[in-house]
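The values are calculated or read from the model by the stated rules, or taken from the named source; none is laboratory data. All of these numbers come straight from a predicted model, not from anything done at the bench. Every residue, glycine as well, gets a Cβ built from its backbone with ideal geometry; the counts of neighbours run over all protein chains shown.
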Amino acid sequence: MHRLLPVLCLLLTACTTTEIDEFRQATTSISDGESIVILGRRQNNNYETEGNFVECVANVVQGGKDGIRVVPEREFLDAMFPFFEPRTAPMRTSHLKQLMEIDQAKQRLAEYGIEYIVWLDGLTRRTESSGTMSCTIGPGGGGCFGFGTWTDDSNFEAEVWDLDTLESVGSISTDATGQSYMPAVVVPIPLIARVEANACSGLGNQLKQFIGGNPESGT
Amino acid sequence: MIRSVASTVVGFLGALRAVRTAAAAAAGVPVTWLKLRGRLPPLLPFLSLLMSSLLAGCAASTIVIDGDYPSPLVGKLPLTVGVYYSDELRNFSYTEINDNTGDDEYIVQGGASQLELFNTLLPALFDKVVELPSPEAADADVDAVFVPSIAEFQLGLPQKTKLKVYEIWMKYNMKLSNPDGEYIADWVMTAYGKAPQENLQTVDAGVQGAAVVAMRDLAASFTLGFKDVPEVNEWLKANNVALE
């Protein structure tokens, strides 16, 4: 048991801390037959919200018995082309009002039954890393020796636009931080903190409650 | 070509063996060649694989842009437009040079994709689109002749820019004229696309992603900005085309 204690300590510490904040500006609700679309912001020069993360959040929102129907991002972008490309996407709700004055766009949104547009913006970055590891291979065999550790920080914000009122109804932000370890004694033992996965799960579940008007989310 | 090279190498080795056998016989030295037939894989395919690996490391990689472009969700202008695609556009190719060796590193071929883009975009924008064999071939049924061309192309690779994105920037020159060649408008449009660098992603996939985003960017700009080009706007008004 004493020999397992250091390993157990490492397992316990290779985890993620997630903070979720919600800011509500109006009531929300969604019925059967209505849907939402979750889009990633890609206007920033330095980064763009990864498609994998958007897809992950969409899967969480539409999962479970209280799932909400989510129109796939790529399908929506193609159907609404050219109005949601990085250059042309509405950045504010005032732009959304201008978009809704275009008959073709308004009709296409109605065909999909979209009630809310959710904009995801953020990224995961490595904030710290340290340690060294060296691997060798020879006639008698090979292996790695060393130790590495790094910290990842996932920071995302979801802003929800209501297509009935053409206003923002609130936002949800998530900040997940986790430290990963990689000790290597012949064989590297990865102890990876699933930072982005936890951010996705937390944001997706909170978003589902927010849009569904769950009492726990303060509606 | 690989098989011919491998065959040449095998032939050389056979000739070398014959020379050594003849030399040993002349010297009165017995020569026993270990017969390995059936114990090792056939020599020719092995040499083919070896030579192809060596040659692949030396040649430039060719990336052919291939993308799907959705039809724009806009109303059509009541015009018949003739479009001419020059050979430069049809066969568009960009070569990225290795900064260290000066050799060709990547060849990006985008001609076919450019045609696919405009053949999707223009029919959504105009009532009728006719492809012309030359700008002068337009007849009286055509309201205007449109000639797109690529004036400049830039490629940003992560290994060179030290950013974690593939980037493509293009500058287009668009020309619109009457069927008799009289100038209507001549304007420049730019297109930009980027694709994040992902783990285990090939350069081909990264460049493809950035190129498709750039061409969608052009299509979006053209669709929403065509009527706002000052000369085009004047021409449309002069021809009583309703502008929404």
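Below is a table of values for the structure above.
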| read-out | value |
| --- | --- |
| Matching residues in the stretch A:114-137 - criterion: being of a type outside the set (S, T, N, Q) and either under 29 Å from A:VAL185 (Cα atoms) or more than 23 Å from the chain's Cα centre (by Cα) (or both) | A:ARG125, A:ARG126, A:GLU128, A:GLY131, A:MET133, A:CYS135, A:ILE137 |
| Subset of the stretch A:165-219 (residues that are at pLDDT below 85 and among the polar types (S, T, N, Q)) | A:ASN214, A:SER217, A:THR219 |
| A:GLY146 being over 30 Å from A:THR17 (Cα atoms) and small (Gly, Ala, Ser) | no |
| Which listed residue is more than 14 Å from chain B (Cβ to nearest Cβ), over 30 Å from B:ALA191 (Cβ atoms), surrounded by 16 or more Cβ atoms within 10 Å (Cβ to Cβ) and acidic (Asp, Glu), from A:ASP153, A:ASP164, A:ASP66 | A:ASP153 |
| Which numbered condition A:PHE76 fails, given (1) buried (at least 16 other Cβ atoms within 10 Å of the Cβ); (2) at the interface with chain B (Cβ under 10 Å from one of its Cβ atoms); (3) within 27 Å of A:THR174 (Cβ to Cβ) | (2) |
| Candidates B:GLN159, B:GLN197, B:GLN201, filtered to the one that is within 22 Å of the chain's Cα centre (by Cα) and more than 14 Å from chain A (Cβ to nearest Cβ) | B:GLN159 |
| Yes/no for A:LEU77 being touching a strand residue (DSSP E or B) at 6+ places or on another chain (Cβ under 8 Å) and at pLDDT below 95 | no |
| Count of residues meeting criterion [free of Cβ contacts under 8 Å to residues at least 40 places away in the same chain and either of a type in the set (Val, Ile, Thr) or surrounded by 13 or more Cβ atoms within 10 Å (Cβ to Cβ) (or both)] in the stretch A:107-126 | 1 |
| Residue within the stretch A:134-146 that is surrounded by 15 or more Cβ atoms within 10 Å (Cβ to Cβ) and modelled with pLDDT under 85 present | yes |
| Whichever residue in the stretch A:36-57 is more than 26 Å from A:THR151 (Cα to Cα) and at pLDDT 95 or above and, among such residues, is surrounded by the most Cβ atoms within 10 Å (Cβ to Cβ) | A:ILE38 |
| Subset of the stretch B:112-145 (residues that are touching a Phe, Trp or Tyr at 6+ places or on another chain (Cβ under 9 Å), touching a residue at least 60 places away in the same chain (Cβ under 8 Å) and not charged (D, E, K, R)) | B:SER113, B:GLN114, B:LEU117, B:THR120, B:LEU121, B:LEU125, B:ALA144, B:VAL145 |
| Subset of the stretch B:67-119 that is of a type in the set (A, V, I, L, M) and part of a helix (DSSP H, G or I) - its residue that is nearest to the other protein chains (Cβ to nearest Cβ) | B:LEU117 |
| Options B:ASP186, B:ASP180, B:ASP217; residue that is surrounded by 15 or more Cβ atoms within 10 Å (Cβ to Cβ) and among the acidic types (Asp, Glu) | B:ASP217 |
| Single residue of the stretch A:88-101 satisfying the filter (surrounded by 16 or more Cβ atoms within 10 Å (Cβ to Cβ) and without any contact (Cβ under 8 Å) to a residue 40 or more places away in the chain) that is nearest to the other protein chains (Cβ to nearest Cβ) | A:THR88 |
| Count of the stretch B:228-239 residues which are in a helix (DSSP H, G or I), touching a strand residue (DSSP E or B) at 6+ places or on another chain (Cβ under 8 Å) and surrounded by 14 or more Cβ atoms within 10 Å (Cβ to Cβ) | 3 |
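Residue-by-condition table, conditions (1) among the aliphatic types (A, V, I, L, M); (2) closer than 22 Å to B:ILE97 by Cβ:
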| position | (1), (2) |
| --- | --- |
| B:GLU116 | no, no |
| B:LEU121 | yes, no |
| B:LYS128 | no, no |
| B:GLU136 | no, no |
| B:ASP139 | no, no |
| B:PHE153 | no, yes |
| B:LEU157 | yes, yes |
| B:LYS160 | no, yes |
| B:LYS175 | no, no |
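Table: residues versus (1) more than 21 Å from B:ASN91 (Cα to Cα); (2) in a loop (DSSP other than H, G, I, E, B); (3) out of contact with any Pro (no Cβ under 8 Å at 6 or more places or on another chain).
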{"position": "B:ALA151", "(1), (2), (3)": "no, no, yes"}
{"position": "B:TYR166", "(1), (2), (3)": "yes, no, no"}
{"position": "B:TRP169", "(1), (2), (3)": "no, no, yes"}
{"position": "B:MET189", "(1), (2), (3)": "no, no, yes"}
{"position": "B:ASN199", "(1), (2), (3)": "yes, yes, yes"}
{"position": "B:ALA211", "(1), (2), (3)": "no, no, yes"}
{"position": "B:GLY225", "(1), (2), (3)": "yes, no, yes"}
